[in-house]
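Read the structure below first, then the notes.
A short reminder: the numbers here are calculations on the coordinates, not readings from a lab. For clarity, every value in this text was computed on a predicted model and none was experimentally measured. Cβ: placed from backbone, ideal geometry, glycine included. Neighbour counts: every protein chain shown.
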Amino acid sequence: MGYTVDQLFTDYFSGTIEKQIAWRRFELRFDNPVRDENIGGGKKQNEISRQLENQIIREDADPEIIKLTIRYESVKQFMQTIDQQIVTILDYHYDEQKHYVWPKIAQMMYKSKSQCIRDVQHIKEKYYNSHWSRPVENLTL
């Protein structure tokens with residue numbers, strides 16, 4: 001099943017993607033398996049511990065963090081190219097904590113309800129057809 005533009009916008013505006021990235025970093029920080037790379041030899045004597053460097057390398061190479069970061073950055077870059085008023089409408093509609101109903105959004109934006117819905121539908125189609133949606137795998141409208 002594909003990841004829809006609605007789900008992507010909801011995850012972006014409600015902060016879910018950022019939380020998932022932070023949680024994955026937390027998991028990687030504390031899921032540190034002990035590896036004995038000295039097979040058949042004695043105890044390591046002069047091992048230099050570079051925990052911070054190793055942690056950064058693990059996070060940069062983690063496929064899940066890479067996938068989530070691509071999702072977040074693609075929407076963020078797209079939002080910078082559209083009108084701020086439309087971004088505000090999207091924020092009101094897709095943020096799960098705000099999640100205003102259409103009449104309330106229309107009242108706050110001084111537009112009709114149908115115009116707000118058309119604007120959101122137009123932006124969803126514009127995002128889906130843009131090059132920003134290409135990195136997000138299996139995206140459907």
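Taking a ≥ b ≥ c as the square roots of the eigenvalues of the Cα gyration tensor of the stretch 52-93, is the shape rounded (a/c under 1.5), prolate (a/b larger than b/c) or oblate?
Prolate, since a/c reaches 1.5 and a/b exceeds b/c.
Across all directions of projection, what mean area in square nanometres is found for the Cα convex hull of the stretch 88-141?
Details: hull surface 16.5 nm².
Mean orientational projected area (the stretch 88-141, Cα hull): 4.1 nm².
Tell me which of 103, 70, 86 sits at the most positive position along the dipole axis of the stretch 49-141, charges placed on C-beta atoms (Lys, Arg +1; Asp, Glu -1).
So the residue we want is 103.
Do the alpha carbons of any pairs in 104/126; 67/124; 98/126; 67/111 sit beyond 30 Å of each other, and which pairs? Before the final figure, lay out the partial values.
On the way: 104/126 24 Å; 67/124 21 Å; 98/126 24 Å; 67/111 36 Å.
With Cα atoms farther than 30 Å apart: 67/111.
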